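Participant: Take this structure first; my questions come after.
Values quoted throughout were computed directly from the atomic coordinates according to the rules given, and no laboratory measurement underlies them. Not measured: the values here are computed from a predicted model. Here the Cβ is made from the backbone with ideal geometry for all residues, glycine too, and neighbour counts use every protein chain on show.
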Amino acid sequence: MQHRQPTRCWQTGKKAVRAVKGVTWGEQVKWADRVGRARRRAAGWLARLWQEMKKHRVSYYFMAPYLVLFFVFTVIPVITAIYLSFTYFNVLEPPRWIGWSNYRLLFLEDDVFLIALKNTLVFAVIAGPIGYIASFMLAWLINQLRFRAAYTLAFYVPSITSGIAMAVVWMYFFSSDRLGLINYVLINLGIINEPVLWLHDKDTILPVIIIVSLWMSMGAGFLAFVAGLKNVPEELYEAGRVDGIRNKLEEMWLITVPLMKPQLLFGAVMAVVSSFQVFGVAMQLAGFPSPLYAGHTILTHLHDYAFIRYEMGYASAISVVLFAITFGLSRVFMRIFSTHGDY
Amino acid sequence: MRPNRPRRLKWGRVMLYVFMTALAAFMAMPLIYLISSAFKPIEELFVFPPRFFVRHPTTRNFVELLLAVSGSSVPFSRFAFNSIFVSSVTVLGSVILSSMAAYPLAKHSFPGKDLIFLGIVSALMFAPEVTQIPRYLVVNRLGLIDTYGALIIPNLAGALGLFLTKQFLEQIPGVLLEAARVDGASEWTIFTRVIMPIIKPACATVAMLVFVAAWNDTFSPLVFTRSEAMKTLPLAVQTIAGGPGVVARTGAVMAATFVLTMPTIIVFLLLQRLVLETMVHSGIKA
């Protein structure tokens with residue numbers, strides 16, 4: 001039997017790269033050289049990174065407890081949700097890969113999902129911008145007044161009340177009989193003759209949910225506006241007046257808004273997230289399932305499939321759709337309120 | 001024209017005060033109704049025409065709530081204890097974890113810092129409900145279902161708290177830290193002696209936000225607990241209320257809603273000044 005001695009490098013004695021047919025020797029040496037250099041560079045970079053990380057290890061110790069929990073309960077779940085959305089998974093059996101089926105089902109065959117999507121979008125398109133603009137305008141008005149703390153309190157407090165607790169009150173306000181406060185007032189004023197079935201009529205359910213959510217919409221964004229407005233230096237307004245700014249609205253548009261961009265972005269992100277979060281209020285007021293799905297939202301649908309039917313794969317696809325919408329919209333606002341090139 | 005101006009301005013101001021006060025009162029209506037109803041005797045809850053304010057206030061509803069929550073084997077005080085315990089531990093843990101994580105993120109430079117911050121800002125940008133299914137799987141796998149751990153641990157590392165603390169700490173000049181470092185203080189000493197006192201407003205804000213979220217949380221007790229004894233106040237109120245159309249325990253329901261609503265308002269009232277101090281720095285620079 002023929003025994004072939006491997007070719008060795010004359011300098012280092014290392015085994016040579018196996019000869020490849022049709023490639024000249026010079027070419028081969030050149031490539032081996034390049035690969036080696038790249039490897040060494042990567043190794044050097046990693047070693048330097050490791051050194052650097054070791055030097056700053058105290059920083060990591062400080063962050064470790066938070067990061068571990070953030071990873072386990074936020075980062076990994078997002079990735080897992082995306083993976084599960086491509087599977088059939090009922091918790092009992094291991095997930096089975098089914099490709100895009102869940103999404104196809106969701107958009108082409110699940111009529112209830114399309115109703116939920118429509119309701120959520122209608123809700124978000126109306127309640128989102130109104131709540132956002134109202135937060136800013138109210139904060140701006142409060143900033144012109146005395147007793148700021150008292151006004152801030154009055155507008156902010158609804159957002160920190162429990163949805164379930166307030167549902168009890170809304171039930172009374174929007175009660176369908178003559179005992180309901182709103183029906184009672186409207187009948188007495190002669191606006192309506194018959195009590196309106198606020199929470200049972202498919203045409204009034206969504207408006208009621210929107211009103212209740214608007215009531216609760218002066219949240220963290222509103223606080224950021226109140227705080228930020230207070231911090232705009234008075235001299236800037238004076239300078240503006242010297243430069244010919246005529247009225248308060250011009251002042252707001254030309255001085256306040258550009259200065260408040262970071263807060264406005266924070267408020268926008270908060271508004272996007274909360275306007276796609278209608279769930280508790282909707283489920284409490286309209287019941288589950290609501291009449292003709294008039295109060296059905298993406299999150300209601302998600303809850304239905306995840307924790308009632310245990311179709312986790314399908315439910316994950318719903319949550320990925322929600323993720324894509326909120327994340328995408330937030331990125332759009334990041335573009336709008338970008339402070340690059342300012343100052 | 002000139003002498004007229006201050007007068008017109010004043011008139012406008014009065015209108016503004018009237019408008020804002022009316023709006024504030026309108027916003028407060030549901031809460032005033034809630035408070036007023038909690039003290040209504042049973043006859044007043046069912047009068048026609050409906051009455052907004054209470055005539056003869058009584059605390060009977062609260063007594064009824066405490067003593068005779070009929071149809072449920074778990075006393076109301078157990079739900080109250082669960083809520084108080086879970087919220088306090090969550091608040092304490094969150095404040096400590098987010099302060100500790102915010103310190104290096106704002107004041108040190110180390111590899112991966114920008115990436116970590118990007119991850120946290122990104123986490124602000126989607127509803128946490130998106131992650132609820134895998135969260136459930138993780139909690140299930142860790143064997144936490146039906147324990148206090150399930151109600152507390154998943155809510156400890158919130159993105160908003162760390163974000164606000166980091167932003168607040170960032171605008172504190174580094175001179176203080178340098179001085180402490182020159183004196184030979186360890187990072188831990190700097191954190192406990194220098195950083196913690198400075199970021200008190202941010203801690204108060206995190207405490208307030210986390211408390212509100214934990215106190216009002218319906219998702220965790222609904223999905224992560226099974227036994228009645230592990231439920232918290234929001235679910236208890238829901239059970240007592242028994243859905244639309246149930247009138248039997250209206251008095252107790254009103255008292256329970258009152259108990260459920262007041263703590264968040266009181267916490268905000270106490271911390272309002274510190275919270276606003278923090279929110280000045282809440283902006284996201286993109």
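Participant: Looking at the structure I just gave you, is B:F211 aromatic (F, W, Y) and either under 18 Å from the mean Cα position of the chain (by Cα) or more than 23 Å from A:H303 (Cα to Cα) (or both)? Break it down stepwise before answering.
Facilitator: On the way: aromatic (F, W, Y): yes; either under 18 Å from the mean Cα position of the chain (by Cα) or more than 23 Å from A:H303 (Cα to Cα) (or both): yes.
Answer is yes for this residue.
Participant: Looking at this structure, is A:F73 in contact with a helix residue (DSSP H, G or I) (Cβ under 6 Å, 6 or more places away or on another chain), within 26 Å of A:D304 (Cα to Cα), not in a loop (DSSP other than H, G, I, E, B) and not acidic (D, E)?
Facilitator: Working: in contact with a helix residue (DSSP H, G or I) (Cβ under 6 Å, 6 or more places away or on another chain): yes; within 26 Å of A:D304 (Cα to Cα): yes; not in a loop (DSSP other than H, G, I, E, B): yes; not acidic (D, E): yes.
Spelling it out, A:F73 is indeed in contact with a helix residue (DSSP H, G or I) (Cβ under 6 Å, 6 or more places away or on another chain), within 26 Å of A:D304 (Cα to Cα), not in a loop (DSSP other than H, G, I, E, B) and not acidic (D, E).
Participant: Taking the stretch A:186-221 on its own, how many of its residues are more than 22 Å from the chain's Cα centre (by Cα) and over 16 Å from A:V125 (Cα atoms)?
Facilitator: Residues in the stretch A:186-221 being more than 22 Å from the chain's Cα centre (by Cα) and over 16 Å from A:V125 (Cα atoms): 20 in total.
Participant: What are the residues in the stretch B:188-221 that are among the basic types (K, R) and crowded, with 20+ Cβ neighbours inside 10 Å, if any?
Facilitator: None - no residue of the stretch B:188-221 is among the basic types (K, R) and crowded, with 20+ Cβ neighbours inside 10 Å, so the list stays empty.
Participant: Name the helices (runs of 4 or more DSSP H) wholly inside the stretch B:188-286 in which the number of residues that are touching a strand residue (DSSP E or B) at 6+ places or on another chain (Cβ under 9 Å), at the interface with another protein chain (Cβ under 8 Å from one of its Cβ atoms) and closer than 30 Å to B:L118 by Cα is 2 or more.
Facilitator: On the way: elements: B:200-216, B:219-224, B:233-241, B:250-279.
Those helices (runs of 4 or more DSSP H) do not exist here; none qualify.
Participant: For the list (1) surrounded by fewer than 17 Cβ atoms within 10 Å (Cβ to Cβ); (2) of a type outside the set (A, V, I, L, M); (3) more than 8 Å from chain B (Cβ to nearest Cβ), I need the number of the one condition that A:F307 fails.
Facilitator: (3)
Participant: Somewhere in the stretch A:129-146, is a residue among the charged types (D, E, K, R) and part of a helix (DSSP H, G or I)?
Facilitator: Keep residues of the stretch A:129-146 that are among the charged types (D, E, K, R), which gives A:146.
Filter once more, so that each one left must be part of a helix (DSSP H, G or I): none.
No, the stretch A:129-146 contains no residue that is among the charged types (D, E, K, R) and part of a helix (DSSP H, G or I).
Participant: Is it fair to say B:P111 is at the interface with chain A (Cβ under 7 Å from one of its Cβ atoms) and out of contact with any Cys (no Cβ under 7 Å at 6 or more places or on another chain)?
Facilitator: Details: at the interface with chain A (Cβ under 7 Å from one of its Cβ atoms): yes; out of contact with any Cys (no Cβ under 7 Å at 6 or more places or on another chain): yes.
So B:P111 passes the test.
Participant: State yes or no: is B:S77 more than 9 Å from chain A (Cβ to nearest Cβ), surrounded by fewer than 20 Cβ atoms within 10 Å (Cβ to Cβ) and among the polar types (S, T, N, Q)? Steps first, answer last, please.
Facilitator: On the way: more than 9 Å from chain A (Cβ to nearest Cβ): yes; surrounded by fewer than 20 Cβ atoms within 10 Å (Cβ to Cβ): yes; among the polar types (S, T, N, Q): yes.
Yes, satisfied.
Participant: I would also like to ask the following. Condition (residue is of a type in the set (K, R), surrounded by fewer than 15 Cβ atoms within 10 Å (Cβ to Cβ) and more than 16 Å from the chain's Cα centre (by Cα)) applied to the stretch B:161-169: is it met by at least one residue?
Facilitator: Checked against the condition, which is being of a type in the set (K, R), surrounded by fewer than 15 Cβ atoms within 10 Å (Cβ to Cβ) and more than 16 Å from the chain's Cα centre (by Cα), the stretch B:161-169 yields no hits at all.
Participant: Is it the case that A:I76 is within 14 Å of chain B (Cβ to nearest Cβ) and within 19 Å of B:N140 (Cβ to Cβ)?
Facilitator: On the way: within 14 Å of chain B (Cβ to nearest Cβ): yes; within 19 Å of B:N140 (Cβ to Cβ): yes.
Criteria met by A:I76.
Participant: Another question, if that's okay. Any idea which of (1) over 20 Å from A:F123 (Cα atoms); (2) more than 7 Å from chain B (Cβ to nearest Cβ); (3) hydrophobic (A, V, I, L, M, F, W, C); (4) surrounded by 22 or more Cβ atoms within 10 Å (Cβ to Cβ) is the one A:F266 doesn't satisfy?
Facilitator: (2)
Participant: Out of all the residues in the stretch A:125-184, which are more than 10 Å from chain B (Cβ to nearest Cβ), touching a helix residue (DSSP H, G or I) at 6+ places or on another chain (Cβ under 9 Å) and β-branched (V, I, T)?
Facilitator: Result: A:V125, A:I126, A:I130, A:I182.
Participant: Just one of the numbered conditions (1) at the interface with chain B (Cβ under 8 Å from one of its Cβ atoms); (2) under 19 Å from A:L214 (Cβ atoms) is not true of A:L285; which one?
Facilitator: The single condition A:L285 does not satisfy is (1).
Participant: Of all residues in the stretch B:97-108 being within 8 Å of chain A (Cβ to nearest Cβ) and either in contact (Cβ under 8 Å) with a residue 60 or more places away in the chain or aliphatic (A, V, I, L, M) (or both), which is surrounded by the fewest Cβ atoms within 10 Å (Cβ to Cβ)?
Facilitator: The extreme case among them is B:M100.
Participant: Here's a follow-up. In the stretch B:122-136, which residues are over 19 Å from B:F211 (Cα atoms) and out of contact with any helix residue (DSSP H, G or I) (no Cβ under 7 Å at 6 or more places or on another chain)? Reasoning before the result, please.
Facilitator: Of all residues in the stretch B:122-136, those over 19 Å from B:F211 (Cα atoms) come to B:122-123, B:125-126, B:130-136.
The one that is over 19 Å from B:F211 (Cα atoms) and out of contact with any helix residue (DSSP H, G or I) (no Cβ under 7 Å at 6 or more places or on another chain): B:S122.
To keep it simple, each residue is scored yes or no on (1) at positive phi; (2) touching a residue at least 60 places away in the same chain (Cβ under 8 Å); (3) within 11 Å of another protein chain (Cβ to nearest Cβ); (4) not in a loop (DSSP other than H, G, I, E, B).
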| residue | (1), (2), (3), (4) |
| --- | --- |
| A:L199 | no, yes, yes, no |
| A:D203 | no, yes, no, yes |
| A:V208 | no, yes, no, yes |
| A:L214 | no, yes, yes, yes |
| A:E235 | no, no, no, yes |
| A:I245 | no, no, no, no |
